[in-house]
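**Student:** Quick one: structure below, then a few questions.
The values are calculated or read from the model by the stated rules, or taken from the named source; none is laboratory data. Values in this document were obtained by computation on a predicted structure and should not be read as measured data. Note: ideal-geometry Cβ built from the backbone for every residue, glycine included; neighbour counts use all protein chains shown.
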Amino acid sequence: MTSTQSWGDNVLVEFEDGIAWVQLNRPDKRNAMSVGLAEDMNKVLDALEVDDRCGVIVLTGVGDAFSAGMDLKDFFRATDGVSDVERMRAYRSTRAWQWRTLMHYAKPTIAMVNGWCFGGAFTPLICCDLAIASEDATFGLSEINWGVIPGGVVSKAISTLLNDRKAMYYVMTGEKFDGRKAEELGLINEAVPADQLRARTVELAKVLLAKNPTVLRQARLAYKYARYMDWEQAAEYLTAKADQTTFVDPERGREEGLKQFLDDKTYRPGHGTYQREG
Ligand code: ACO
């Protein structure tokens, strides 16, 4: 069953078969991310984390843009000359949804890049767990071409996925690239023809929806935290996280998987997934 809900003036959410299509909804501004959009996105992400209609979030844009980046009027012109405190508040609300919340969100997230993706839009793109783009989507770190640096947290975000030579090339040239190139760079998982974008995203979302949700959440968060630890810390943390996962998993997935493999002989990890209803 499909239903659609607006969040403020800036975000539209369509619910369908466990997928929440979270759509940045300022198509006439190419989904540039304003202060109002940040406030709406904070409310959306907060609400969907505990909404049973949402098993997976797909973040995308209405119209022909994923997002044209930070709203230059709101985040540059309008914050010039205001007090530091007002500026700080505007930045805090955008940082909250774009990376603090998305990075460690309780549910899996896929960015579906349907068109223009510039500047600040790289941050939520990178902070989603997975990303798929249309082959003809256009990406660009355009900042250098109009007199600013890739700020906010964009430079940090790209350094987590691109190697230094490639990141520096785009930081310094501002050259645009398409979805195919984004895949080659490792910025996204895959690029597909525009007419297959939604279908491929649904296919991937369904794979995620079929997993044990507790274990999937723990696996995503464990990876994201462990990558910044040294080996000793990671070993300790991951062992504790694995025990915690067993403890909090209402499905008892570990026990069931072992039983199906070792006792019942009904399941081989190399050939698929354990039977969740088994
Ligand atoms: N901030 C504010 N308004 C924007 C932004 C933006 N980032 N991007 C587009 N808009 C507005 C335009 O000003 C225009 O508004 P108007 O109708 O009131 O004049 C409207 O959206 C439509 O934009 P057009 O440029 O007319 O659309 P077009 O389809 O021709 O081009 C494109 C789209 C290529 C995305 C172009 O708008 C553009 O280059 N935008 C800026 C992209 C950019 O460099 N973003 C990075 C910002 S830096 C940062 O994020 C830190």
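**Student:** Mind checking which pairs have a first residue in the range 117-128 that is closer than 16 Å to GLY151 by Cβ and of a type outside the set (S, T, N, Q) and a second that is within 11 Å of the ligand (Cβ to nearest atom) and in a loop (DSSP other than H, G, I, E, B), Cβ under 6 Å, 6 or more apart or different chains?
**Tutor:** As it stands, the answer is PHE118/ALA68; PHE118/GLY69; GLY119/GLY69; GLY120/GLY69; GLY120/GLY152; ALA121/GLY69, since those pairs meet every condition given.
**Student:** Determine the pairs where a residue that is of a type in the set (Phe, Trp, Tyr), located within the range 238-253, has a partner that is loosely packed, with under 13 Cβ neighbours inside 10 Å with Cβ atoms under 8 Å apart, the partner being 6 or more residues away or on another chain.
**Tutor:** Taking only residues 6 or more apart or on different chains, not a single pair turns up.
**Student:** A follow-up question, please. Determine whether VAL148 is modelled with pLDDT of 95 or more and either hydrophobic (A, V, I, L, M, F, W, C) or over 21 Å from LEU185 (Cα atoms) (or both).
**Tutor:** On the way: modelled with pLDDT of 95 or more: no; either hydrophobic (A, V, I, L, M, F, W, C) or over 21 Å from LEU185 (Cα atoms) (or both): yes.
It is false that VAL148 is modelled with pLDDT of 95 or more and either hydrophobic (A, V, I, L, M, F, W, C) or over 21 Å from LEU185 (Cα atoms) (or both).
**Student:** Hey, another quick one. Only residues that are under 13 Å from PHE122 (Cα atoms) and more than 7 Å from the ligand (Cβ to nearest atom): list them for the range 58-72, please.
**Tutor:** Scanning the range 58-72 gives LEU59, THR60, PHE66, SER67.
**Student:** Suppose we filter the range 140-162 for residues that are crowded, with 18+ Cβ neighbours inside 10 Å and either more than 10 Å from the ligand (Cβ to nearest atom) or among the β-branched types (Val, Ile, Thr) (or both); how many remain?
**Tutor:** Going through the range 140-162 one residue at a time, the tally reaches 5.
**Student:** Name the strands (runs of 3 or more DSSP E) wholly within the range 24-114 that hold at least 2 residues that are more than 20 Å from GLU143 (Cβ to Cβ) and in contact (Cβ under 8 Å) with a residue 40 or more places away in the chain? Write out each step before concluding.
**Tutor:** Details: elements: 56-61, 65-67, 109-113.
Once the strands (runs of 3 or more DSSP E) in the range 24-114 are filtered for at least 2 residues that are more than 20 Å from GLU143 (Cβ to Cβ) and in contact (Cβ under 8 Å) with a residue 40 or more places away in the chain, what remains is 56-61, 109-113.
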